[in-house]
1. Over the Cα atoms of the stretch 3-83, compute the convex hull volume and normalise it per residue, giving Å³.
2. Which distance in Å, rounded to a whole number, links the C-alpha centroids of the stretch 166-184 and the stretch 52-126?
3. Taking the square root of 5 times each eigenvalue of the Cα gyration tensor, what semi-axes in Å does the equivalent ellipsoid of the stretch 38-102 have, largest first?
4. Over the Cα atoms of the stretch 71-203, compute the convex hull volume and normalise it per residue, giving Å³.
5. Using only alpha-carbon positions, what ratio does the radius of gyration of the stretch 95-277 give when scaled by 2.2 N^0.38 Å?
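What follows draws every value from the coordinates through simple rules; no lab data is involved. Predicted model, so just to flag it, every value in this text is computed and none were measured.
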C-alpha cells in the first residue's frame with residue numbers, strides 16, 4: 001500500500017464515522033500512523049502529528065460552522081504540507097548547475113530531464129559528462145542529450161575533470177544553462193569529496209543540486225546533510241517517486257534537514273520532472289484534484305505529440321483521430337499520475353491493465369491501412385482482422401475486443417458532442 005492509498009483509507013474511516021469521539025479519533029490516528037510509518041516517515045514526527053490532531057479534535061473548540069471531520073481533514077492537510085517542505089520557483093536566467101549524487105540516485109537521467117525543462121522554457125541548455133568513474137556514463141549521457149534535444153560535451157576516456165570542464169565551457173559558449181553530471185559512489189567518501197571539489201572549483205556553479213532516490217526514505221535526510229556540509233547545497237531533487245513506497249519519508253527527511261526540495265521525478269520519461277510544491281503533492285496524496293497540473297500536463301503532451309490544436313477538436317471519431325488521442329495520452333506519463341491529478345483513486349492493478357491496453361490499441365491501429373483507420377466498417381472482414389493481429393503482435397480476439405471498445409466510445413462520443421457544457425469543459429485542455 002502506498003502513502004496516498006493509506007492516507008485516503010484513514011480519511012475514509014473518519015468521514016464514514018457516525019460520530020467523532022475519542023475512539024474514532026484514535027482509530028483514525030492508528031491508520032495514519034500505519035500509513036506514514038510504512039512510507040518511512042520518521043516515527044517521532046508521526047507521533048507529534050497524530051498527537052496534534054487528537055488534541056485539536058478532542059480538546060480544542062471548533063470554529064463555528066465547521067464540522068469536526070472537515071476541521072481534522074484540513075488540519076491533516078496543513079500538517080502534512082508543513083512536514084513535506086515548501087514550494088520551489090526556479091530562477092529563469094543563464095546558470096551553471098552542478099548535479100551530485102550517490103550510485104542509483106538517477107542523477108544522469110535527471111540531468112537530461114533538467115536540461116530539457118530549461119530548454120523548453122527558452123533557455124538553451126547543454127549537458128557536460130563529468131562522471132569519470134562509472135562505465136558507459138559518457139555514452140548514456142550523450143544518448144539522453146540527443147533524446148532531450150539539448151547540447152552535449154564530454155571527452156571520452158578522460159579522467160581529468162578539470163580538463164573536461166575547461167573544454168565544455170569553451171565549446172558551449174552559446175548555451176544559457178550548463179548542467180554538469182558528476183561521478184557517484186556508494187557513500188560520500190574522501191575520493192568523491194575531492195573530485196566534487198575539483199569540479200566545483202573549475203566549473204564555478206551557480207547551483208549545487210543533490211539528486212536522491214526516493215527509495216532511500218529517511219536516509220535521504222542524512223545524505224542531504226552530509227552533502228550540504230561538504231559542498232553547501234542549493235537544493236535537492238528527489239527521483240523515482242512514482243515507484244517508491246518511501247517517497248513521503250524521503251521528502252519529509254530532506255525538509256527536516258533544512259535543504260530545499262526543487263524538483264521531483266515522477267517517471268522514466270524525460271518529461272517526468274515536476275517543480276516541487278508540497279501543497280500539490282499532499283493534495284494528490286489525499287485525493288484532492290490538482291486540475292492546474294493536469295491541464296498543464298495535457299497541453300504539454302499535445303505539444304510533444306506534434307498534435308495541432310485543431311486535431312484535438314474532433315468532429316468525427318474514427319481510428320485516425322482516436323490514434324491522435326492515444327499518442328497524446330502516451331506522452332503524459334503513468335496513468336496513475338493523471339488519475340491522482342484528478343483526485344481519483346483507482347486500484348493499481350486496474351491502472352496497469354489500462355496502460356497495457358492503451359499500448360496494445362496503439363500497436364493495433366499502427367497495423368491498419370489508412371482506409372481502415374478512416375472507415376471502421378471495413379473491419380467487419382475476418383481477413384483484415386487476421387492481418388492486423390499478425391502485424392501488431394496481437395491475437396484476433398484482442399483486435400476484436402479493441403473494435404468493440406472503440407464502437408462503445410464512438411457511441412458515447414456522439415452523445416457528448418451534442419452537449420455544449422461538456423465541450424466547454426474540454427476546451428480548457430487545448431493548448432494556448
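1. 83
2. 28
3. Semi-axes, largest first: 36, 18, 7 Å.
4. Hull volume over Cα atoms, normalised by residue count, gives 141 Å³.
5. 0.94
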